[in-house]
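As structure tokens, the structure follows; a few thoughts come after it.
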Amino acid sequence: MTRKAEFIALLLADAVAVCLASVLYYLARFQWGWFDDPRFYPEPVSVVLALAGYWLLVFFFFGMYRERYASSRFDELVSLMKVVSIGILVLVFAIFIDILQPGSTRALIFYYWLDVYLLVALGRILVRTVQKVLILRGYGTHNALIVGWSDRVEQLHEDIARYPAAGLNVVGALRIGHRETRLQRALAGEGQEDADESPVEQVQDIEVLPDLIDQLNVQDVLIAIGADDQASLMDVLRLCDGKPVSLKLVPDFYSVIGGMARTEHLYGLPLIEVLPEPMPAWEESTKRIIDVVVSLIVLVVGLPLWVLLTVLIRLTSPGPAIFRQQRVGLHGRVFTMFKFRTMRQDAEATTGPVWASEDDPRYTPIGSWLRKTRLDEVPQFVNVLKGEMSLVGPRPERPYFVERLSHEIPLYSRRSRVKPGITGWAQVIWRYDASLADVKQKVKYDLFYIANMSLRMDFKILFMTIKTAVMGKGR
């Protein structure tokens with residue numbers, strides 16, 4: 001079952017389930033008279049459609065349609081129980097209390113909660129059971145690549161073979177060998193004849209990992225490295241940054257992670273997921289809603305000012321008012337970012353791609369002012385509406401600099417794990433990029449933001465950004 005087929009199947013199953021639950025609720029409440037006589041009789045179709053739409057939005061909001069590949073059905077039912085309970089509480093406070101007669105509230109709420117939960121759970125169990133049967137028959141499995149020491153690759157491969165329901169199809173292995181063993185053998189001066197018989201000779205260059213992921217269409221990277229080789233783990237994390245893959249460790253490496261990872265069992269195969277989703281589903285949904293609402297308000301309410309700025313830019317400098325530039329976004333995807341133009345049209349004609357500097361001589365007559373007030377960033381609200389950017393996140397960089405900095409700064413590509421932002425923690429904390437040292441410092445702040453992403457932190461950054469813009473201290 002492909003990811004698209006899985007999503008459609010879950011959506012249809014949930015839609016049928018919540019419609020049926022709403023029909024049963026309507027019959028019990030307004031036809032069968034189980035919960036006292038109602039004060040009025042609403043039109044049944046409108047009730048069913050309104051409640052069905054509400055529940056689908058709730059499921060979307062809390063991430064019930066995120067990929068849960070080969071996960072436990074029991075775990076999904078527990079998550080569903082939490083989401084349905086929260087959804088019922090919202091309905092109680094928003095609607096039910098005002099229309100229910102005294103004495104019937106508790107029983108009716110419990111009845112509707114039970115209806116929704118049992119029917120949606122039944123639909124999801126059906127979809128997941130079909131998905132499991134397809135996986136066992138070899139359909140829709142995830143391509144997996146094992147990365148590890150030569151003496152552990154075969155063992156992990158055998159372990160995976162014993163759990164076909166995990167849905168992992170091992171398409172290759174990258175043997176990185178023991179670092180200490182290689183050094184010891186070199187110091188011992190062992191002959192070539194002995195070396196040919198040693199598994200050390202199977203060692204491969206770990207730098208080919210990104211190419212293997214692309215060539216083999218890998219979805220899961222399984223890491224079989226011992227607890228005494230943290231450097232190899234960091235190499236794997238660095239090379240997989242920016243790739244749309246899931247990273248999983250064998251359990252005995254848990255001591256290195258120190259609890260900073262999520263343990264999961266794929267139908268009996270114990271693995272530890274590294275770098276899980278940076279935000280809970282409900283916070284991610286709320287963040288997107290805030291992005292859309294704020295962007296619409298800024299673009300619509302401030303439209304007269306944006307038109308005036310467009311005219312001023314055209315009058316004070318030849319060239320278009322809106323500057324378009326290729327930037328690297330989520331998962332390394334390139335998109336076109338918009339800004340009010342603050343520099344001459346031919347600013348990089350002779351220098352090539354370079355970072356701007358404070359008091360840059362290439363600024364237009366009003367370019368410096370636009371930068372200080374952050375008004376040059378306003379067209380990026382269009383990128384936010386398109387889903388290419390967010391209000392808060394690491395600043396998107398040009399492909400030229402991403403390629404260069406990925407080789408010079410460890411873990412630089414990890415910035416692409418989240419959507420880039422109009423503003424970010426690095427922008428409100430650090431000064432303007434004037435050198436590679438400044439960029440390295442900003443990367444530290446970006447990684448700190450990714451590791452601590454939350455709505456609270458986003459609001460803090462937005463407040464600091466507004467303060468900077470009002471005081472004209474932007475760069």
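Taking 0.36 nm per residue of separation and subtracting the Cα-Cα distance, what length does fully extending F463 through L49 add?
Working it through step by step, the gained length comes to 145.1 nm.
Return the long-range amide H neighbours of L174 (sequence gap of 5 or more, or a different chain), with a cut-off of under 5 Å between placed amide H atoms.
The list, which skips near neighbours in sequence, is I146, V147, G148.
Give the shape of region 281-470 as rounded, prolate or oblate, defined through the alpha-carbon gyration tensor: a ≥ b ≥ c are the square roots of its eigenvalues, a/c under 1.5 means rounded, and otherwise the shape is prolate if a/b is larger than b/c and oblate if not.
Because a/c hits 1.5 or more and a/b fails to exceed b/c, region 281-470 counts as oblate.
Hey, can you rank 43-50, 317-324, 363-370 by average C-beta count inside 10 Å, highest first?
Top of the packing list down: 363-370, 317-324, 43-50.
Kindly flag which residue pairs out of K287/K440; K386/K467; K4/K132; K287/K460; K287/K419 have an alpha-carbon separation exceeding 18 Å in this structure.
Violating the 18 Å Cα-Cα cut-off are K287/K440; K386/K467.
Under a plain spin-label model, where a point goes 7 Å from the Cα along Cα-to-Cβ, how far apart in nm are A161 and I429?
It is 4.8 nm.
So how do L145, L168, L12, L237 line up by other beta-carbon neighbours within 10 Å, fewest first?
Lowest count first: L12, L237, L145, L168.
Which ordering of T141, T129 is given by a fewest-first count of other beta-carbon atoms within 10 Å?
Listing T141, T129 from fewest to most nearby Cβ atoms yields T129, T141.
Each reported figure results from applying straightforward, stated rules to the coordinates on display, with no laboratory input. No experiment lies behind these values; they were computed from the predicted model shown. Don't worry about glycine lacking a Cβ; one is built from the backbone with ideal geometry, like all the others, and counts go over all protein chains shown.
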